[in-house]
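**Student:** Dumping the structure here so I can ask a few things about it.
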Amino acid sequence: MNAVICETHLPNRQAVARGKVRDIYDLGDHLLIVATDRISAFDWVNPVGIPDKGKILTALSLFWFDRIKDLVRTHLVSADLADFPEDFQAHREQFEGRSMLVKKCRMFPVEFVIRGYLAGSGLKEYRQKGSVCGIKLPGGLVEADRLERPIFTPATKATDGHDINITVEDAARIIGKESCDAALDAAMRVYSFARDYAQSRGIILCDTKFEFGTCDGEVVLADEVLTPDSSRFWPADQYRPGGPQPSYDKQFVRDWLETTGWDKNSPPPPLPEEVVVRTREKYVEAYRQLTGKKDF
Ligand SMILES: Nc1ncnc2c1ncn2[C@@H]1O[C@H](COP(=O)(O)OP(=O)(O)OP(=O)(O)O)[C@@H](O)[C@H]1O
Ligand SMILES: [Mg+2]
């Protein structure tokens, strides 16, 4: 297990942004996106990181980017340290294996969520309205049921950073119909490919969130793709519709936080060692199961 990297620093360069997980450096036409070991739950970053998490997520994103490159244009330029500016190379302990040089895009302020199964906020909305993001679904569905066809359930970020589900028409209005259609087509192609691939590895891809933007007038798939942070993966051999499914994501962290009495409105309590270890194992397990590789 390697040292935890929760923040990156360079002597002569500032990160332009630090998201919940990634540190972002602006290189003009490009960005250098660094996946740190930060973990967030209930929209709060924990003071304790998960060793190797950023490397695992980066390796998994790269695995997918390589497999989907004929399906969609992606923002990836290189994950090879040798292609990065020299000051990043001089601090390889911070950047190697967790960074991607990408084309800077003008991001659409809409998340492209594709759902093949009923869970999370989709399930909540279905129970209240019988539909998700304005899409009417058949009656009598239960939690974790497979949908006849995958659906596009766009979301946008409220000013406080929380996701709010919107309708497909809203999404088209916000980003323009043509761009929205192009991104949606690509999202569906990638989702279908990934669902079938994951199935062949014994994993159900319940749902996933893509982010798109434009670059040189073209719609481009950006951000991370098909990781446990952006997707719900379920072990296929334990699939039992009618209740929550075991998953490869940070459910473990959420469950522990729920036991602490934390109010979710103030900085969260630090994760204890045992939760850190088990969470790391979950990320490693997802990576190994999906890729068949044993790098971590
Ligand atoms: N190619 C790209 N060009 C421009 N911005 C990008 C690109 N790829 C990803 N991003 C943005 O970089 C950020 C990644 O950081 P991170 O995932 O840590 O943020 P986050 O906490 O998810 O932030 P946010 O809540 O704003 O999505 C996201 O805001 C994402 O939209
Ligand atoms: Mg993100």
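**Student:** What is the Cα centroid distance between region 103-130 and region 37-97, reported in whole angstrom?
**Tutor:** 23 Å
**Student:** Determine the sum of side-chain charges near Ala15: Lys and Arg each +1, Asp and Glu each -1, restricted to other residues whose C-beta is under 12 angstrom from that of Ala15.
**Tutor:** Computed value for this residue: 0.
**Student:** Let me ask you something else. Nearest 500 deg cm²/dmol is fine: what mean residue ellipticity at 222 nm does the chain get from its DSSP H runs of n ≥ 4 alone, each adding -39,500 (n - 2.57), divided by its residue count?
**Tutor:** -9500 deg cm²/dmol
**Student:** Hey, what D do you get for region 170-237 in µm²/s if you plug the Kirkwood alpha-carbon radius into Stokes-Einstein at 10 °C and 1.306 mPa s?
**Tutor:** Once the numbers are plugged in, D ends up at 122 µm²/s.
**Student:** For a quick check of understanding: with a 1.4 angstrom probe and all protein chains in place, what accessible area in square angstrom does Val16 have, to the nearest ten?
**Tutor:** Its heavy atoms expose roughly 90 Å² to the probe.
**Student:** Give a residue-ordered list of calculated ³J(HN,Hα) values for region 102-116 (Karplus: 6.51 cos²θ - 1.76 cosθ + 1.60, θ = phi - 60°; whole Hz; x for Gly, Pro).
**Tutor:** 10, 5, 6, 10, 8, 7, 6, x, 9, 8, 8, 8, 10, 10, x
**Student:** Restricting attention to the alpha-carbon atoms of region 23-114, what are Rg (one decimal) and Dmax (integer), both in Å?
**Tutor:** According to the Cα coordinates of region 23-114, Rg and Dmax are 14.1, 40 Å.
**Student:** Figure the gain on full extension for Gln14 and Leu81 (residue separation times 0.36 nm, minus the Cα-Cα span) and round it to one decimal in nm.
**Tutor:** Here the segment from Gln14 to Leu81 would lengthen by 22.3 nm.
**Student:** What would the Debye equation give as log₁₀ I(q)/I(0) for region 119-174 at q = 0.13, 0.16, 0.18, 0.25 Å⁻¹, counting only Cα atoms as equal point scatterers?
**Tutor:** Results for region 119-174 at q = 0.13, 0.16, 0.18, 0.25 Å⁻¹ read -0.34, -0.50, -0.62, -1.05.
**Student:** So, one more: Please work out the average accessible area per residue across the chain, using the 1.4 Å probe convention, and give it in Å².
**Tutor:** Value returned for the chain: 47 Å² of accessible area per residue.
**Student:** Can you divide the C-alpha Rg of the chain by 2.2 N^0.38 Å and report the result to two decimal places?
**Tutor:** 0.99
**Student:** For Ala158 and Ser266, what is the calculated FRET efficiency with R₀ set at 22 Å and r taken between the beta-carbons, to the nearest 0.05?
**Tutor:** For Ala158 and Ser266, the calculated efficiency is 0.70.
**Student:** A follow-up question, please. Provide the per-residue ³J(HN,Hα) series for region 202-207, in order, calculated from phi with Karplus coefficients 6.51, -1.76, 1.60 and θ = phi - 60°, each as a whole number of Hz, with x at glycine and proline positions.
**Tutor:** Values, residue by residue: x, 10, 8, 8, 5, 7 Hz.
**Student:** What is the Å³ per residue value for the convex hull set by the Cα atoms of region 203-296?
**Tutor:** So the per-residue Cα hull volume is 172 Å³.
**Student:** Here's something else I'd like to know. Using label points projected 7 Å from each Cα along Cα→Cβ, tell me how many nm separate Glu218 and Leu27, to one decimal.
**Tutor:** According to this spin-label approximation, the distance is 1.9 nm.
**Student:** Would you please classify the overall shape of region 106-229 from the alpha carbon gyration tensor, given that a ≥ b ≥ c denote the square roots of the eigenvalues, rounded means a/c under 1.5, and beyond that prolate means a/b larger than b/c while oblate covers the rest?
**Tutor:** Because a/c hits 1.5 or more and a/b fails to exceed b/c, region 106-229 counts as oblate.
**Student:** Give me the percent of accessible area attributable to carbon and sulfur for region 179-255, probe 1.4 angstrom.
**Tutor:** C and S atoms contribute 45 percent here.
**Student:** Looking only at the chain, where both bridge partners belong to it, what percent of the DSSP beta bridges are antiparallel (to the nearest 5)?
**Tutor:** The answer is about 100 percent antiparallel.
**Student:** Further question on the same structure: In terms of the Cα gyration tensor, with a ≥ b ≥ c the square roots of its eigenvalues, is region 44-164 rounded because a/c is under 1.5, prolate because a/b exceeds b/c, or oblate?
**Tutor:** The shape class here is prolate.
**Student:** Working from the alpha-carbon coordinates of region 137-296, get Rg over Rh, Rh being the Kirkwood radius.
**Tutor:** Rounded to two decimals, Rg over Rh is 0.99.
The values are calculated or read from the model by the stated rules, or taken from the named source; none is laboratory data. Because the structure is a prediction, the values reported are computed rather than measured. Neighbour counts are summed over all protein chains in view; Cβ atoms, including those assigned to glycine, are modelled from backbone coordinates with ideal geometry. Protein only, heavy atoms only, side chains kept; ligands, DNA and RNA dropped before computing areas. Shrake-Rupley method; radii C 1.70, N 1.55, O 1.52, S 1.80 Å.
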